[in-house]
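What follows is a short report on a single structure.
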Amino acid sequence: MRVGSTSLVGLAAFIWLCPPASAGGVVDVTDDAGLQAALRRAAAGTRIRIAPGRYQPGVFASGLKGAPNRPIVIEGADPEKPPLFEGGQTGWQLSDCEHVTLRNLAVRGQQANGINIDDGGSLETPARHIVLERIRVADVGPQGNFDGIKLSGVDDIAVRDCTVEGWGGQAIDLVGCHRAVIENCTFRGRPGFSQSTGPQTKGGSNQIVIRRCLFLDAGSRAVNLGGSTGLAYFRPRGALYEARDICVEGCTFVGSQTPVAFVGVEGAVVRYNTIYRPGKWVLRILQETNQPGFAPCGNNRFERNLIVYRRGDVQIAANVGPHTRPDTFAFADNLWFCEDRPEASRPDLPAAETGGAYGVDPRLDSPDDHRFRPQNPQAARFGASAWPGPAADADAQTGQCLGPRALAAARDGKTLYVACADARQVAWVELPGGKVVRRVAVPAEPTGLVLTPDSKQLIVTCAAPHSSVVVLDAATGDCQKTIPAGHTAGAPVLSPDGRRLYVCNRFHNNVSMIDLAAGKELTRIAADREPIAAAVTPDGQSVLVANHLPDARTDAAFMGDVSPVVTVIDAATQATFAIPLLHGANGARSLCVLPDGKHALVPHLLSNFEMVPFRVDTGWIDVNVVSILDLQQRKVVGTIGMDAFDLGAGNPWDVACTADGQWICVSQAGTHELRIIPTAELLGDFARRTMQPMMAVWPIYPSLGESLWRRIKLPGQGPRGLVVVGSTVYIAEYFSDTLAVVDLAAASADSAGSVGAIALGDKPQLTIQRRGEMLFHDATICYQQWLSCASCHPDGRADALNWDLMNDGVGNPKNTKSMLLSHRTPPSMASGVRETAERAVRSGISHILFSQRPEDEAVAMDEYLKSLRPVPSPHLADGRLSAAAERGRQLFHSDRIACHKCHPAPLYTDLKAHRVGTRSPYETEDRFDTPTLVEVWRTAPYLHDGRYTTVKELLVEGRHGLQGGRLEGLSQQDIDDLVEFVLSL
């Protein structure tokens, strides 16, 4: 999942996109006793209306459980005269509640917290779906760490149109909170109150949006992105960051010692804000949590802001503290104006700014609403008044990365729908003109699109640990319904009649079958490993699912095939059948069923992993292929290479067939090309006889035959999803934010002018991390373009294969390691032969890509890999440890088995090599580097040689860490609990 600004574009818009249904059960309250009685009886759909007046503070409610579309609403009956809860320690406290709305209430004069909402202290089961609207909080504290609004362990929060005036600690303190929106709020500091910060996000908080708020002398740090939290209070446990993916946009800051503080945060963006006369600094970059393994403050963005300051107040614009990564910050397109010294407006920033404007007087108008609109046209594109909104219209793109990934086309061919993964939006493109006419924000990264047979509804899979399927009106973009799905949902496909929807839940390893009309999941069907693509046969009888990776042992003793499978689901009975691809296959990302219903195609890599990779040409390491499946025989009947003898076709991605069945099209993500071939030729004898993949062919052999593929160079970078409309192919170019347009008729005739492009927005700003990601997936930097870094490390992780790299000798293959946290967990490689990940990156370029590249490219790839973040485990329960995993955590850290001695939190590695009794006859060393256990749930097979397919096998059969009778001292439940904890990391 993408970090940084674009990952949060649609969050706030979506919270209100599908309005809740009306609920019954209205209870009118006029006194304290009536309020307490109403709270005790409240159930889903209850609406408690509190009459104007003064009420006793200290209202406490625990376990209130509303429901989706039927929340428990507690509100002042008269919005103009909100009931007042004055004095006491706390005004309101809600614990362990779900789907609760507080609205039109006033709290004042508390000594502790005005409003306190928490998870009941469980740390594992969050309070969820909490809405605060039009809440007035005043005069809390006044000194010390006492907050206007305290939120601890709360997920899915909306705070709208609230006011906090005068507080001790934080105006809003979010500790271990996830998926929150704070918008249209006012934070006003008052004399006599300590007011440390305005809103603060810390303790593992992520996906928080603060937008369209007004800050008036709102504390020493008006917004504190991150903070300092005791390890015991992090949610989730073991988080490696104080805060992540925080967005501050469209806000106005007046005064404050520091308007914006980045404190142990990563992936934050501060954009389109107006900052007026800060007291000492414009921003601070700090690190207050310094435990080993914690992410240093870095990889954040500051852009399109308008800053007016005085040199008499601000000597240094950016205050930088120790243990931070200021060099990874991106400053872009900000306007800086120094009122008392315009010629000195340009600030000294810790990283070079691109596109900044300096010394331009914005001539701010200051009406009573404190929005400070610039009157100078040269300043119109900066600051809060220029903010394009959460669902920016078609003409208001700002150069942010969109990341087009998947496409769908209307039946009449007049509209193309584009899933923009990084921007979390879907774009409507008018055809054939190519104009973007609408953008609709969605709640998470859109991974797949499908239209109903009548083209009236657009179905979007939005990937998250708790994914959602969003059903939009295909004409207007209005949300009609949302349907829950599994972990990292994608590849939605419909039965021919449009009644059944199938969605791949990648990290739950299953497929959801959904009744579309009812909006209800009917069942989940087991797939194999990481189901990532799907297709339905024309008769609707079968659903084909491509699994991304092999699920097998890879050690020398294992003699079976190592390959992913295509899962065939009987649509009527949900029975499944597995069709294995060829030995060495991996990295499948798509499939299509041909119009004849008899064949299916799966592009993938075919890895020669049993050979020593001392060369890359002639397919020695990887070849790029399309497998042909005979659906009647249920087997692979051909695997056709796409590479030429001396030029590879690195990283095939998507495949499609024209509606008339005449042409096959494959996007090549690594070489930035489109491959096309007549269907009859692909299925014909010539292809099957002469275009077999050339794996490990010595160059003295002649070419096996002339390739029938036509190679079409595309104008952009990173082609991924594609769709065919008539005789035109549209391809999403992920890194360019463009669509390639290929006229098949002209391309097949090698006619000039067959290729065009559609820009989806402004040219994206290429940060060093983005450039590194692009290079990591680029096969053109490899000798003869056979592969990219992502060939062995898809998504920066592992391909589940063993490779016999020569860096530690020959004849001792090692299982591929994930690159996640590699730069924080030296040394690299299982045997520790590379001192650092930086060294490993450069060695990989030289000895795997067989290329010599500029140093700045390796540096960019380093930064991309450092930016990778763990995906929450599918074994978590609502983002927290399950009861079994909590028992396993205690066992893991106990003196009884002491797993934490070699795998200490938060990195779950001691960065040392140990003898663990796993040396094989082929190893020259018996000490192996201790790997991190973070995200170990997705890195099977296990141990350095891949001899175990599950963690339980590793513990029970391998007795890993459980020698000396410790295994015998564990019950079956102990073992299961321990496994559950490890798989939850």
| task | Once you have all Cα-Cα distances for region 156-256, histogram them in 5 Å bins from zero and send the whole-percent values. | result | 3, 14, 25, 23, 19, 10, 4, 0
| remark: Per-residue Cβ contact counts at 10 Å, fewest first, order Glu86, Glu249 as Glu86, Glu249
| Once the Cα gyration tensor of region 604-683 is diagonalised, semi-axes √(5λ) in Å | 24, 16, 10
| request: Compare the peptides 815-821, 912-918 by average per-residue count of other Cβ atoms within 10 angstrom and give them in order, highest first. | output: 815-821, 912-918
| request: Could you give me the percent of Cα pairs per 5 Å distance bin for region 178-233, shortest bin first, beginning at zero and ending with the bin that holds the maximum distance? | output: 5, 18, 26, 22, 18, 9, 3
| query | If you take the Cα Rg of region 292-390 and divide it by 2.2 N^0.38 Å, with N the number of residues, what do you get? | reply | 1.19
| query | What Rg and what Dmax come out for region 784-867 when only alpha-carbon atoms are used, in angstroms? | reply | 12.2, 34
| query | With θ set to phi - 60° and the Karplus curve 6.51 cos²θ - 1.76 cosθ + 1.60, what are the ³J(HN,Hα) couplings of region 853-867 in order, to the nearest whole Hz, using x for Gly and Pro? | reply | 10, x, 4, 5, 6, 5, 4, 5, 5, 3, 5, 4, 5, 5, 7
| field | Nearby aspartates and glutamates by direct alpha-carbon distance to Lys912 (threshold 16 angstrom, same-chain neighbours under 8 apart not counted) | value | Glu835, Glu925, Asp926, Asp929
| Any idea what diffusion coefficient region 393-540 gets from Stokes-Einstein, in µm²/s, Kirkwood Rh on alpha carbon pairs, 25 °C, 0.890 mPa s? | 161
| message | Please list, by residue number, every one of the GluC sites (Glu not before Pro) in region 934-966 that is coil in DSSP and has at most 15 other beta-carbon atoms within 10 Å. | response | Glu957
| Want the number for Thr836 to Asp161: 0.36 nm per residue separation, take away the alpha-carbon distance, what's left? | 238.1 nm
| request: Grab the beta carbon distance between Tyr922 and Ala578, set R0 = 25 Å, and tell me the FRET efficiency rounded to 0.05. | output: 0.20
| remark: For region 634-641, Karplus-derived ³J(HN,Hα) couplings (6.51, -1.76, 1.60; θ = phi - 60°; whole Hz; x for glycine and proline) come out as 6, 7, 6, 10, x, 10, 9, x
| Antiparallel as a % of all DSSP beta bridges within the chain, to the nearest 5? | 50
| task | Starting with the fewest neighbours, write out Cys420, Cys657 ranked by other beta-carbon atoms found within 10 Å of each beta-carbon. | result | Cys657, Cys420
| query | Which FRET efficiency value, to the nearest 0.05, do you get for Gln111 and Arg40 by plugging their Cβ-Cβ distance into 1/(1 + (r/R0)^6) with R0 = 30 Å? | reply | 0.70
| Taking the chain and dividing mean pair separation by its residue count, relative contact order in percent (alpha carbons under 8 Å, at least six apart) | 6
| request: Using the 2.2 N^0.38 Å rule of thumb for compact globular proteins, work out how region 768-918 stacks up: its C-alpha Rg over that value, please. | output: 1.19
| said: With viscosity set to 1.306 mPa s at 10 °C, what whole-number translational diffusion coefficient in µm²/s follows for region 883-983 from Stokes-Einstein and a Kirkwood radius over Cα pairs? | reply: 114
| task | Of all alpha-carbon pairs in region 234-300, indicate the percentage at a distance above 17 angstrom. | result | 47
| remark: Non-local residues with an amide H under 5 Å from the amide H of Asn116, with H modelled 1.01 Å from N and Pro and chain starts lacking one, are Trp92, Gln93, Leu94, Lys150
| Too-long pairs where the Cα-Cα distance tops 24 Å, listed order kept, from Lys456/Lys713; Lys435/Lys456; Lys414/Lys598; Lys150/Lys866 | Lys456/Lys713; Lys414/Lys598; Lys150/Lys866
| Out of residues 5 or more away from Asp804 or on other chains, whose amide H comes under 5 Å of its own, with H placed 1.01 Å from N in the peptide plane? | Lys814
| task | Estimate the FRET efficiency between Asp32 and Ala232 by the formula 1/(1 + (r/R0)^6), using the beta-carbon distance for r and 45 Å for R0, to the nearest 0.05. | result | 0.80
| Contact order normalised by residue count of region 784-867, Cα under 8 Å, 6+ apart, percent | 23
| query | If all Cα-Cα distances of region 474-603 are sorted into 5 Å bins from 0 onward, what percent lands in each bin, rounded to whole numbers? | reply | 2, 11, 20, 22, 18, 12, 8, 4, 2, 1, 0, 0
| Angle, helix 972-983 long axis vs. longest principal axis of the chain, Cα atoms, 0 to 90°, nearest 10? | 80
| Using the alpha-carbon atoms, what tilt in degrees (0 to 90, nearest 10) does helix 883-892 show relative to the longest principal axis of the chain? | 80
| remark: Summing -39500 (n - 2.57) over every DSSP H run of at least 4 residues in the chain and dividing by its residue count gives a helix-only mean residue ellipticity at 222 nm, to the nearest 500 deg cm²/dmol, of -2500 deg cm²/dmol
| task | Could you pull out every residue, at least 5 positions away or on a different chain, whose amide H is within less than 5 Å of the one on His599? Hs are placed 1.01 Å off N in the peptide plane, and Pro or chain starts have none. | result | Leu594, Leu631
| On average over all directions, what projected area in square nanometres does the chain have, based on the convex hull of its Cα atoms? | 39.7
| J(HN,Hα) series, region 648-661, from Karplus relation 6.51 cos²θ - 1.76 cosθ + 1.60, nearest Hz, glycine and proline x | x, 10, x, 6, x, 10, 10, 9, 8, 10, 5, 4, 7, x
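Since every read-out is calculated from the coordinates, none of them should be taken as a lab result. From a predicted model like this one, the values you see are computed outputs, not experimental measurements. Note: ideal-geometry Cβ built from the backbone for every residue, glycine included; neighbour counts use all protein chains shown.
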